[in-house]
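For reference, the structure is listed below as structure tokens.
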Amino acid sequence: MNYETTLTGESSAILIDDEDRIRRRRRLLIIGGVVAVALVAAAAALSMRGKDAAAPDAAPQAPVVSVLTPGQTMVARTVSSTGSLAARVDMPVGVVGEGGMVTRVLVQPGDWVRAGQVLATVERSVQSEQVNSLAAQVEVQRANAKLAQAQLERAKALVGRGFISAADIDQRTATRDQAVAQVRVAEAQLAEQRARTGRLDIRAPASGLVLTRTVEPGQIVQAGGGTLFRMAKDGEMEMQAQVAEADLATLRAGNSATVTPVGSNQHFSGRVWQVSPVVDPQTRQGIARIAVAYNDAIRPGGFASATITSGSGNAPLLPESAVQSDAKGSYVYIVNGKNQVERRDVKVGQVSDTGVAITSGITGAERIVTSAGAFLTVGQKVKPEALKAR
């Protein structure tokens, strides 16, 4: 047997297998190295990207805020109130005579009347006959006075002839004077009865507007029996504004006001003509009476709101969005010289359509944050953008 040949063949096969394993191992090492390099490169890229993404967080940009330097503005100080509408001078009209049955009612609510105009009449047949009787008495007394005068004149003509003594002249003179006086008494009685009869007419005590009527024809009325008509003198109206005690002290007669009846979009100019000298101890309110001209929309007994101008003064005027509030009170945010946010406590005054007046806390020269104040914090850096003052 040829052992050499057999061994030599087996050795060659073993060598070939070893070379294949070496090549495969080398290939695996190369592939693994390439994969490792790729992983390192990917990790490096992710790391750089993370740093780039984290860069804005590390140095955030300052937010842009709108700021306003308000300065000082002339602001009207006003007082808001509510109250009832009424006639400025409410005149109740009743029976001033002896009364009787109403025969006619000549006016209706809403009518304008003049002073002395008859509003209603009362039956007067008995009073008319009394007037006629007294008028006849006047004529009788005048006739007596005329006769006494004639007798006196004849007596004076005879006194020179000695037929009539001086005593008779004195007596006839006294008789004549008595008769003249009786005429005056009768005339006075007639005038009194005519006045009583005239008082049966229910008349307007002054010119104005009839507000209510509570009498009808056929009704029996008497003196002191109640109000038959209510009138507004000259048609003048007023609002009786209920004002808080603190605000009442700032009002004066002559202050201008604007009155708005409930249910109406009309505004009426008025003027305070009287400020109550007392305060209700229960409500701590007083009444400011505001005179307004007549208008159909102003109905006595209705309800209205009023804005009374109690004066004016200079104050910073801010938009409502600039004023914040919390448990400590009202405040604003200002931007200081370092563009940092600061809190400034303020006292709010008049609030109107034009803005909020600040009575204390700022001078008006500061840069006030006008909006987005709820998203800012004290000390935060901001980028202010100036707005123009109103």
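The values are calculated or read from the model by the stated rules, or taken from the named source; none is laboratory data. Owing to the predicted nature of the structure, the values given are computational and were not obtained by experimental measurement. Cβ coordinates were reconstructed from backbone atoms using ideal geometry, including for glycine residues, and neighbour counts include every protein chain displayed. Remember, those area values only see protein heavy atoms, side chains included, never the ligands or the DNA or RNA. Shrake-Rupley method; radii C 1.70, N 1.55, O 1.52, S 1.80 Å.
Points worth noting:
- Flag if Gln340 is open to solvent by 40 Å² or more (accessible area, probe 1.4 Å) and within 30 Å of Val369 (Cα to Cα): yes
- Test result for Ala195, under 23 Å from Met101 (Cβ atoms), open to solvent by 30 Å² or more (accessible area, probe 1.4 Å) and either free of Cβ contacts under 8 Å to residues at least 24 places away in the same chain or not aromatic (Phe, Trp, Tyr) (or both): yes
- Selection from the stretch 256-291 of residues that are assigned to a strand (DSSP E or B) and among the charged types (D, E, K, R): Arg271, Arg289
- Flag for Gln130 being within 30 Å of Gly218 (Cα to Cα) and open to solvent by 80 Å² or more (accessible area, probe 1.4 Å): yes
- The stretch 358-369, residues that are open to solvent by 10 Å² or more (accessible area, probe 1.4 Å) and either closer than 9 Å to Leu68 by Cβ or of a type in the set (Gly, Ala, Ser) (or both): Ser360, Gly361, Ala365, Arg367
- For the stretch 107-118, the tally of residues that are over 16 Å from Thr227 (Cα atoms) and surrounded by fewer than 18 Cβ atoms within 10 Å (Cβ to Cβ) stands at 7.
- In summary, Gly208 fulfils each of the numbered conditions (1) within 22 Å of the chain's Cα centre (by Cα); (2) within 30 Å of Val105 (Cβ to Cβ) with the single exception of condition (1).
- Verdict on Ala257 being in contact (Cβ under 8 Å) with a residue 60 or more places away in the chain and surrounded by 15 or more Cβ atoms within 10 Å (Cβ to Cβ): no
- For the stretch 114-139, a tally of residues being modelled with pLDDT of 90 or more, in a loop (DSSP other than H, G, I, E, B) and of a type outside the set (Lys, Arg) returns 3.
- When residues of the stretch 155-176 are limited to those that are touching a helix residue (DSSP H, G or I) at 6+ places or on another chain (Cβ under 8 Å) and under 29 Å from Glu139 (Cα atoms), the one least open to solvent (accessible area, probe 1.4 Å): Ala155
- Selection of strands (runs of 3 or more DSSP E) fully inside the stretch 324-390 by the criterion of at least 2 residues being not polar (S, T, N, Q) returns 329-335, 341-345, 347-352, 355-360, 383-387.
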